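The values are calculated or read from the model by the stated rules, or taken from the named source; none is laboratory data. These figures come from a predicted structure and were not determined experimentally. Cβ placement follows ideal geometry from the backbone for every residue including glycine, while neighbour counts extend to all protein chains displayed.
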Amino acid sequence: MRLRFLKRHPFYVLMGLLVAIQLVWFWISPTGFKAAWSRNPLVAEIIKEHSLANQKAKIMAISYYFPDFSYFSDIVAGRAQPRAELMDGYHFGKPYIFHMYYQLTANYFPDNDVAQYLLGFCDYYMEHMDKAKRHYEKSLAINPYFFWTYYNLGVIYFRQRDYYHSAVFLNKALSVRKEIALAMLSQSPFYRQIWHNLNDPPQILEGNLMTAQQDALLLMAACFVKAGAYDQALRVVQSVPGNGWHQGLRRQIRQQALSRQPLGGVLEGLLQKKIVVRLF
Amino acid sequence: MARWAKAVLVLCVLWWVYLFFVTQIVVVFDSTGYESAGRLIAQHGFAEFLREGPQREPMFACLIALSMHLGHWWGISYYYPLKMIGILFLFLTMVFSYQLMKLLSIRPWLAALTLLYMGLSPVMTNSSMRLWSEFAAYPWVVLAVLWTIKSWKALEDAAPEGREDFKMVRHGALVALAFLLIMSVKAVAEGVILCYLWPFYGRIFSYWRQKNFIKARQAALFVLTALMIFEGAVVAYKWANYHYNRQFTFTTRGDYAFYGNTARRMQPLTAKSLGAAVTFVAGGNLCPSLFGQEACDFWSARHSDDIIGQKQKELAQKKLTADEASRYYIKNSIQIILSNPLQALLLMVVEAHKMFFWESAIAFVAYPDWLEKIFYNPSFIALTKNVMAFLSWSAMLFGLIYLCRPRRQEEDRGQREALLWVVNFLFWYMGMYSLFFILDRYSFPLISLYLVLVAFMVQKTLKAFVK
């Protein structure tokens, strides 16, 4: 039937072919239909609305999983301890779906270092060590200026008895200016969701940072003792200001370094008990 | 199709195309389950879907899998093919609804107006463009009613001869097919079909009494074919589930959802809790403002879920198998109902009214700002929801009264028969759902039937006023 049409109307077939070639050409040409189509104000508006809807859908999805941030605020203020069952689930009708929330945020916004950081915290307390390390490392790859990421990685490696990596990360943590960490905490909306429930956020955040710096020094000194670098350990331990339980631990590490004896199991256990992965 | 209806369809298609481009699906809660079920089928095939089951009803997961394949093929997100399928289903629903309105002798302008509302309704468009299963049942519900009307007409008009038997078998097969399509989205169809065909059971009996055995045989053939094909396919699917995951069931949820709702509903009733139950039906702030949050929470899904959670823990400690647990739930639910059948019936009737509050139950779609301001505006939601609930409720009542009063001489018999099947379907579908906790989205497959019924009521009322 098609062939009969070709024989009867060769002119129309030829014209049709030419139009088809022109259409294809105009479609692929940069000055052709496609470009003109996207320059059309109505089409441009629809394209804009479409990309906005994509962004909005992500934010809406995340907002359906808002956890009860007051629990994380309590952890920051030292009023509550991180517990695995309160990282991802419902407890007495309250949503403690932190892991799900940060996982979704990290999926939708893979370049967000804060989501990766907070996901690392959840995974650590859910006893997914490797995942926690991976998320902290991803966070560092995006933002290498945040004290707490280095600190937490240092703590995790210490607990895993990888003293070399622990010392490396703790050293980096101590080399980052604390003002940068405080500025990041105050600017990110994900951190703000947590600290805005606190009574006096600047004081608590700064206080936590100071404590963590002392912890980092102690752990680093312990790492040096473990590695047999007693002189370095002594230098580090001297710089620990030391008050409260820090004072006691500092004294013990110093004694170990002075007597050039390896770190005992009891002292290591004490360090692991006192110095833990923290939110911020 | 009348010119008006065609114009409305074109207008609606343009609106849907706009929505297709400017909206986006929000994947949360149950959607994530549907998504992973669809991915399972797309990546590992249907057998794996059964092996990891029992799962939810299969059609929507298959549609997602199809969308994933299409999306992969076209190099785009699977959301877009899925939205296209949603639009296609909406279009089919409108075409079938128009056919139904023709059988009800609804005037073309009124039919076009009804179609326009159907095509622009926030809930219809919202539900067709999100990752929840309801829209997949829309066309099949109307199709099931349409084919039953045609079967009924065929039975009434059939000559009392043996050669008409095959025609009735064919009609039975078509009705079974329509119900199977509904069943593959909403498992409640298994209960609905058994009750819905009652006029045919009555016909078998009445023809038998009139000694019109050939017609009785034709009616019986229709019923037997419909039920055998339907149940055969359902049982085959259950066997497939048994083969792959050792559970002889169509889907999960039914048994324990029935138990949770019954146990919650049958707790001692006071005047205050009954008042809270009645006002909770309408949703919004009505119940908390009158009876307080605690009294209203009792009637919420959370309470049923808590009961289910506790019972599941208890049965897990007893180490019951899934089949044993299922039998336990059903047996206990029936015992609880029989302990106070009046209260059970009363609350079934009260809570079934939730099925009328379908409009503006929208969520899980990101809209452009201007549409969001309209669709998510509390006043707009309250207005459309209550107006459409009132209209649907009145239309249902009108339909029931219209059918119960004796037929006048001048009345069109076909119109009355069509109305019978529309009301009959609505009644049994709502009745079956009243055994469970009703979420607003459960009523979505009925929207087209509600709107058709509203059009019928408006036409009859206008006619009465014009006279």
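The residue that is farthest from B:D306 (Cα to Cα), among those in the range A:73-107 that are at pLDDT below 90 and among the hydroxyl-bearing types (S, T, Y), is A:Y96. Scanning the range A:33-61 for residues that are closer than 18 Å to B:M129 by Cβ, of a type in the set (K, R) and more than 7 Å from chain B (Cβ to nearest Cβ) yields a single hit, A:K58.
Quick check, is B:V27 at pLDDT below 95, within 25 Å of the chain's Cα centre (by Cα) and not in a helix (DSSP H, G or I)? First the steps, then the outcome.
Values: at pLDDT below 95: yes; within 25 Å of the chain's Cα centre (by Cα): yes; not in a helix (DSSP H, G or I): yes.
For B:V27, the condition - at pLDDT below 95, within 25 Å of the chain's Cα centre (by Cα) and not in a helix (DSSP H, G or I) - is met.
Looking only at residues of the range A:251-268 that are part of a loop (DSSP other than H, G, I, E, B) and at pLDDT below 80, we find that the one that is nearest to A:W148 (Cα to Cα) is A:L263. Residues in the range B:243-277 that are aromatic (F, W, Y) and surrounded by 17 or more Cβ atoms within 10 Å (Cβ to Cβ): B:Y244, B:F250, B:Y256, B:F258, B:Y259.
Within the span defined as the range B:65-76, every residue fails to be within 14 Å of another protein chain (Cβ to nearest Cβ), in a helix (DSSP H, G or I) and buried (at least 18 other Cβ atoms within 10 Å of the Cβ). Screening A:N107 on (1) in contact with an Asp or Glu (Cβ under 9 Å, 6 or more places away or on another chain); (2) under 22 Å from B:V27 (Cα atoms); (3) loosely packed, with under 15 Cβ neighbours inside 10 Å shows it passes everything except condition (1).
Return the total of residues in the range B:95-123 being hydroxyl-bearing (S, T, Y) and in a helix (DSSP H, G or I).
Pass one, the range B:95-123, residues hydroxyl-bearing (S, T, Y): B:97-98, B:105, B:114, B:117, B:121.
The next check asks that each one be in a helix (DSSP H, G or I); those that pass are B:97-98, B:114, B:117.
Number satisfying all stated conditions: 4.
Consider the range B:30-47 and keep the residues that are farther than 15 Å from B:Y78 by Cβ and free of Cβ contacts under 8 Å to residues at least 40 places away in the same chain. The one that is nearest to the other protein chains (Cβ to nearest Cβ) is B:G33. Criterion applied to B:E52, B:E48 was being within 28 Å of B:L180 (Cβ to Cβ), surrounded by fewer than 21 Cβ atoms within 10 Å (Cβ to Cβ) and modelled with pLDDT under 95, and the one residue passing it is B:E52. Would you say A:L271 is under 16 Å from A:Y163 (Cα atoms) and modelled with pLDDT under 85? Yes, satisfied.
Filter the range B:48-64 down to the residues that are within 22 Å of the chain's Cα centre (by Cα) and not in a loop (DSSP other than H, G, I, E, B), then identify the one that is nearest to the other protein chains (Cβ to nearest Cβ).
B:I64
The set of residues in the range B:230-264 that are more than 20 Å from B:Y442 (Cβ to Cβ), at pLDDT below 95 and basic (K, R) contains only B:R246. All conditions but one from (1) part of a helix (DSSP H, G or I); (2) crowded, with 16+ Cβ neighbours inside 10 Å; (3) modelled with pLDDT of 90 or more apply to A:I59; the one that does not is (2).
Starting from residues that are closer than 18 Å to B:F20 by Cβ and touching a Ser or Thr at 6+ places or on another chain (Cβ under 9 Å), keep the ones in the range B:358-373 and report whichever is farthest from the other protein chains (Cβ to nearest Cβ). The extreme case among them is B:I362.
Restricted to the range A:72-88, and to residues there that are touching a His at 6+ places or on another chain (Cβ under 9 Å) and not in a loop (DSSP other than H, G, I, E, B), the residue that is surrounded by the fewest Cβ atoms within 10 Å (Cβ to Cβ) is A:E85. Pairs meeting the criteria (first residue in the range B:202-222 and over 16 Å from B:R163 (Cβ atoms), second residue modelled with pLDDT under 95 and outside any helix (DSSP H, G or I), beta carbons under 8 Å, at least 6 apart or on different chains) are B:N212/B:P160. Among all residues of the range B:138-147, there is none that is surrounded by fewer than 19 Cβ atoms within 10 Å (Cβ to Cβ), of a type outside the set (K, R) and out of contact with any strand residue (DSSP E or B) (no Cβ under 9 Å at 6 or more places or on another chain). Under the condition of being farther than 23 Å from B:W132 by Cβ and more than 23 Å from the chain's Cα centre (by Cα), which residue from the range B:374-399 is farthest from the other protein chains (Cβ to nearest Cβ)? Once the filter is applied, the top-ranked residue is B:L383.
Of the residues in the range B:10-24, at least one is within 14 Å of chain A (Cβ to nearest Cβ), within 26 Å of the chain's Cα centre (by Cα) and part of a loop (DSSP other than H, G, I, E, B). The combined condition, being more than 23 Å from the chain's Cα centre (by Cα) and at positive phi, is fulfilled by B:G75. Looking at the range A:86-103, can you tell me whether even one residue there is out of contact with any Asp or Glu (no Cβ under 8 Å at 6 or more places or on another chain), under 21 Å from A:K131 (Cβ atoms) and within 9 Å of chain B (Cβ to nearest Cβ)? No: the range A:86-103 contains no residue that is out of contact with any Asp or Glu (no Cβ under 8 Å at 6 or more places or on another chain), under 21 Å from A:K131 (Cβ atoms) and within 9 Å of chain B (Cβ to nearest Cβ). Among the candidates A:Q213, A:Q232, A:Q247, the residue that is polar (S, T, N, Q), in a helix (DSSP H, G or I) and touching a Leu at 6+ places or on another chain (Cβ under 8 Å) is uniquely A:Q213. Condition first: more than 18 Å from the chain's Cα centre (by Cα), small (G, A, S) and closer than 18 Å to A:R278 by Cβ. Now tell me which residues in the range A:158-211 satisfy that. Across the range A:158-211, the qualifying residues are A:S166, A:G207. Here B:E324 meets the list (1) assigned to a helix (DSSP H, G or I); (2) buried (at least 17 other Cβ atoms within 10 Å of the Cβ); (3) more than 14 Å from chain A (Cβ to nearest Cβ) almost entirely, failing just condition (2). For the range B:301-317, the criterion of being under 30 Å from B:L391 (Cα atoms), in contact with a Phe, Trp or Tyr (Cβ under 9 Å, 6 or more places away or on another chain), among the hydrophobic types (A, V, I, L, M, F, W, C) and touching a residue at least 40 places away in the same chain (Cβ under 8 Å) is met by at least one residue. Residues in the range B:436-455 that are more than 11 Å from B:M396 (Cβ to Cβ) and either assigned to a helix (DSSP H, G or I) or modelled with pLDDT of 95 or more (or both): B:D440, B:R441, B:Y442, B:S443, B:F444, B:P445, B:I447, B:S448, B:L451, B:V452, B:A455.
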